[in-house]
Amino acid sequence: MFNITNRRIRKFCSTLLTQGEVAGNIGFVDVGSGGQLKEPWSLLPVETVTTFDFEPTTNSGTLPLCVSNSTGTASFFVAFDERASSFHQPLIEFVNRYAFHSMLTKKTISVESTTLDKHFADQYELIDAVDINVEGHDFQVLQGAQQLLNTGAIKLLKVEFELVQAYEGQGYFSDIDALLRGQGYRLAGIQIDHVRPTICKDVFFEGEPLWGKALYAPTIAAFTKKLLIILSKDVVSAQREIAAAISIYMAAKLPGYVYDVIDVALEIGLITQAEGFLLRTQSAECFRWAKFEKRLYRFKGLFISLWNIIRW
C-alpha cells in the first residue's frame, strides 16, 4: 500500500534533526503506552529520540513506578487485558454495556507513585513531547505536571481522554481541556472512538462516543515567549528548538503548526527569508500525495465492506 507521505516526513525530519550544527535530540515522555513507538512519534528518526518510559505492568524493580498527581505507595489494578490496567476500577455497568470484560481486574499490585514534576525536577528542558495513555487517570497525570507544562518546553502532548464514565474516579475530556488551555495550550487534533452497545450490536450505526485521543500544542504566544527566553541565552539552542518543533509538528501531520513556527522564527530573526521559504516548500512537498493516499485508503475500506457483504 502507498505510504509516500510518511516516508517523506521521516526523511524531512531526519534531515532537519541530524544534519548541521542545529542537529538535536527529542526528549519524549511515554506514560502508559509501552511497546514500540506509535504515530506520530514513530515518524521521528529513532536515533534522535530519547524516551522516558513509565509502564507499571512491565517495569522491574522493588515496586513499579507509576505517574499520578501524588507520591507514595498506591494500588494499581491490573486488567485481564493489561492494556486496560489502571489506577481506577472499571465500572461494571460500563463493562456490561459494551462487553468490555477484558477491562475487569485480574489482580491488584502495589506501585510507587510519582509526579512528572517531581521526576523531572530541574530537568524540564529535557522534555519536548509527552504521550499519556493511562486509562482514566490522564487528568491526574496532568495535575502532577503543572510545573513542567508551565515551562513551555513541551511542544506536543498526546493524551487519552474519556467522554463517558468508564472508571471510578476518572477525569473527563472537559477536565483535561480546561487544564491544558489554562496552561497556554491549544487543541491541535482529536480522534474519538465510537462503540455500539451490546443491546444493539447488530444494528449498524456509528456507535456511542466513549473515548479518544487529543493533541495539544502551545499557543503561538506561549511558544514565542519560550523561544525568546532560549534565544537570550544562546542562538544555536534557539535554532535547535525551532528544528525540534518543526520536526514534531511534521510527524504529527500538522503543517499549519509548522508554518506557525517558521513565521515565529522569521519574526525574531532566527532564520532568513530564504530559509523560511525553503522550509515551507520542503514541508509542503511531504504532503503532495496525501490526498491521493487518503482516497486510496477509503477505496480499500469500501472494497472490503462490499466484499464482506457479498460473502454474507
message: Suppose we filter Gln165, Gln183, Gln143 for residues that are within 17 Å of Glu93 (Cβ to Cβ) and of a type outside the set (Ser, Thr, Tyr); which single one remains?
response: Gln165
statement: Filtering the stretch 127-152 for residues that are in a loop (DSSP other than H, G, I, E, B), over 21 Å from Trp211 (Cα atoms) and over 14 Å from the mean Cα position of the chain (by Cα) leaves a count of 4
task: Would you be able to say whether some residue in the stretch 133-140 is surrounded by 15 or more Cβ atoms within 10 Å (Cβ to Cβ), touching a helix residue (DSSP H, G or I) at 6+ places or on another chain (Cβ under 9 Å) and of a type in the set (D, E, K, R)?
output: yes
message: I'd like to know if the stretch 53-67 contains one or more residues that are free of Cβ contacts under 8 Å to residues at least 40 places away in the same chain and in a strand (DSSP E or B).
response: yes
- request: Scan the stretch 155-184 for residues that are closer than 14 Å to Phe139 by Cβ, crowded, with 20+ Cβ neighbours inside 10 Å and not polar (S, T, N, Q) and jot them down.
  value: Leu157, Val159, Glu160, Phe161, Glu162, Ala166, Tyr167, Gly171, Phe173, Ile176, Leu180
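Can you pull out the residues in the stretch 153-173 that are under 14 Å from Phe87 (Cα atoms) and either assigned to a strand (DSSP E or B) or basic (Lys, Arg) (or both)? First the steps, then the outcome.
If we filter the stretch 153-173 for residues that are under 14 Å from Phe87 (Cα atoms), which is where we start, we get 166-171.
Result: Tyr167, single match.
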task: Find all pairs meeting these conditions: Cβ atoms under 9 angstrom apart; at least six residues apart or on different chains; first residue within the stretch 85-112 and buried (at least 16 other Cβ atoms within 10 Å of the Cβ); second residue assigned to a helix (DSSP H, G or I) and among the β-branched types (Val, Ile, Thr).
output: Arg97/Thr198; Arg97/Ile199; Tyr98/Thr198; Met103/Val95
- prompt: Just for the stretch 221-277: of the residues that are polar (S, T, N, Q) and in a helix (DSSP H, G or I), which one is farthest from Thr151 (Cα to Cα)?
  reply: Gln273
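Condition check ((1) touching a strand residue (DSSP E or B) at 6+ places or on another chain (Cβ under 7 Å); (2) touching a residue at least 12 places away in the same chain (Cβ under 8 Å)) across all residues:
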position	(1), (2)
Gln123	no, no
Asn133	yes, yes
Gln146	no, yes
Asn150	no, yes
Leu157	yes, yes
Gln165	no, yes
field: Qualifying residue in the stretch 197-208 (condition: touching a strand residue (DSSP E or B) at 6+ places or on another chain (Cβ under 8 Å), of a type in the set (Ser, Thr, Tyr) and either over 26 Å from Ser42 (Cβ atoms) or outside any helix (DSSP H, G or I) (or both))
entry: no
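Give me the residue from the stretch 1-37 that is in contact with a strand residue (DSSP E or B) (Cβ under 8 Å, 6 or more places away or on another chain) and modelled with pLDDT of 90 or more and, out of that set, nearest to Glu160 (Cα to Cα).
To start, the set of residues in the stretch 1-37 that are in contact with a strand residue (DSSP E or B) (Cβ under 8 Å, 6 or more places away or on another chain) comprises 17, 25-34, 37.
From what is left, the residues that are modelled with pLDDT of 90 or more are 17, 26-31.
Details: Leu17: 28, Ile26: 21, Gly27: 20, Phe28: 16, Val29: 14, Asp30: 12, Val31: 11 Å.
Checking each candidate, the answer is Val31.
The values are calculated or read from the model by the stated rules, or taken from the named source; none is laboratory data. Note that the coordinates shown come from a computational prediction; the quantities given were computed from them, not determined experimentally. For neighbour counting, all protein chains shown are included, and Cβ atoms are generated from backbone atoms with ideal geometry for every residue, glycine included.
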